[in-house]
1. Under a Cβ-only charge scheme (Lys and Arg +1, Asp and Glu -1), can you give me the dipole magnitude of segment B:2-86 about the Cα centre, in debye to the nearest 20?
2. Could you pull out the trypsin sites (Lys or Arg not before Pro) across segment A:222-305 that fall in loop regions by DSSP (anything but H, G, I, E, B) with no more than 10 other Cβ atoms inside 10 Å?
3. Dipole size in debye (nearest 20) for the protein assembly as shown around its Cα centre, Lys and Arg Cβ +1, Asp and Glu Cβ -1?
4. Among A:Ser153, A:Gly129, A:His185, whose Cα lies farthest out toward the positive end of the dipole of segment A:110-201, if unit charges sit on the beta carbon of Lys, Arg (+1) and Asp, Glu (-1)?
5. From the phi angles alone, apply the Karplus equation (6.51, -1.76, 1.60; θ = phi - 60°) to segment B:44-59 and give each ³J(HN,Hα) in whole Hz, x where the residue is Gly or Pro.
6. Over chain A, what is the mean sequence separation of C-alpha contacts under 8 Å (at least six apart), divided by residue count, expressed as relative contact order in percent?
7. Mind checking segment A:1-98 for chymotrypsin sites (Phe, Trp or Tyr not before Pro) that DSSP puts in a loop (not H, G, I, E or B) and that have at most 10 other Cβ atoms within 10 Å?
8. Could you list the residues of segment B:52-79 with an amide nitrogen less than 18 Å from a label point located 7 Å from the Cα of A:Arg202 in the Cα-to-C-beta direction?
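Coordinate-derived values only; no laboratory data. Since the structure is predicted, the reported quantities are computational estimates derived from the model, not experimental observations. Reconstructed Cβ throughout: ideal geometry from the backbone, glycine too, with neighbour counts over all protein chains shown.
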Amino acid sequence: MAYLRINNVAIKGVSACVPKTIRENRDSYKWGNSESFINSTGIERLHITDKLTCTSDLCIIAAERLLDELNWERDEINAIIFVTQTPDYVLPATSNIIQSKLGLSQDCYALDISLGCSGWVYALSAISGLMQNGTIKKGLLLSGDTISKFCASEDKSTFPLFGDAGTATALEYCEDVNPMCFCMHSDGDGFETIIIRDGGYRNQTSQLSFADKTYGNGIIRNRLNLELDGMSVFSFGISKAPKVVKELLGKIEKNESDIDFFIFHQANLFMNEKIREKLKLKPECVPYSLKDFGNTSCASIPLTLVNCCRERLKSSSLKNIGCGFGVGLSWGAVYFETSNIKCPELIEI
Amino acid sequence: MTLYHSLNINEMEITEFIKHFAEQFDEIDSSKLNQETRFKELTEWSSLVALSIIAMVDEEYDVRIKGDDIRNSTTIFDLFEIVKSRVK
């Protein structure tokens, strides 16, 4: 495991923005009984972007609201990391565009990271690592995805599961905070478990990329659509997520009962509950935002913080563990403390 | 003697595996299942049962099976053999 212990950086705020257009699984699920689908996945509805709205648009709105609440000046922000698998363009990097659109100065460090479900945890390690020696005082981590854009409407393994969201996490150099600690992993043997086959440079887009193919019951998609091997993702998640959380608890010498919130990537209720049960965690310590948002990729952890933990984040000091796992395969867990942070109400646009 | 002994253990293991396997279905007559059962042809088979089997194997045997392992298995015995080969 890659273990990181980062001093002197604190999360000062978190915000999230989702598109207001909702798709109800109760109405639109067409591969059998929608109630049993909802019961097992926990996903009742998804927020879906229109064609014109990109992940960065959602993240920028989330960031603006958060900066306003924090009363941070734009030119104080010296680092921005954007983590997504749905950037604006193949190139240039979206973080440069965001730097300009947010009105941040040209003295800002800007970087894109391409990760999905583990993205928020990974990017948090990256930006706090950059900030730990104090030369950069304030940073923004923007984390989001609009996965609905490449889910085939005839694919039951993706279409009813993925929603869209953009989030912002504000970080500040502070010398009086406890360290953030990270345990991080990667397993590229599983790179085909969650994949879009074409459109990169291994398999460039061709006419064949657009050809719909049937893959068994309820799955028709083309090579530009998201492909997800649900069974393999499940076996990966229930084995690796509990392990990395235990690893982290061991490293920081804390027990489960010392932690206020365990915020897991929101995959689906069936998988997330298996993970929770394996760790013997109390339900009240493990919030879910699945019901209204589904799986929002790298937005899922900060979105869950905003959606489920907002009042306590604003009014108290908390010890938290975040755990992301998925596409890559990539997974990791982070221990972080928060103290009366800013957390604006969820934004819908 | 050794051969006889190991056969017995195998028999016990597969019986136990079938019992755990049957428990993953909401309602199924477990006497209907044996090692030759082509499990994906059962009317009760579903993607949720598949996930429950994966979870059962993880819990009971501490073994990780993937989608391909389920897809490439026909009978319960096929899956049992995969699990057995990976028990640490």
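1. Here the size comes out at about 280 debye.
2. A:Lys280
3. With only Lys, Arg, Asp and Glu charged at Cβ, the dipole is about 460 debye.
4. Comparing the listed Cα positions along the dipole, A:Gly129 ranks first.
5. So the Karplus estimates, Gly and Pro as x, are 7, 5, 8, 5, 5, 4, 4, 5, 5, 5, 4, 5, 4, 5, 5, 6 Hz.
6. On the way: 857 pairs, mean separation 95.6, N = 349.
Reported relative contact order: 27 percent.
7. Qualifying residues, ordered by number: A:Tyr89.
8. Once the point is set 7 Å along Cα→Cβ of A:Arg202, B:67-68 turn out to lie under 18 Å by backbone N, inside segment B:52-79.
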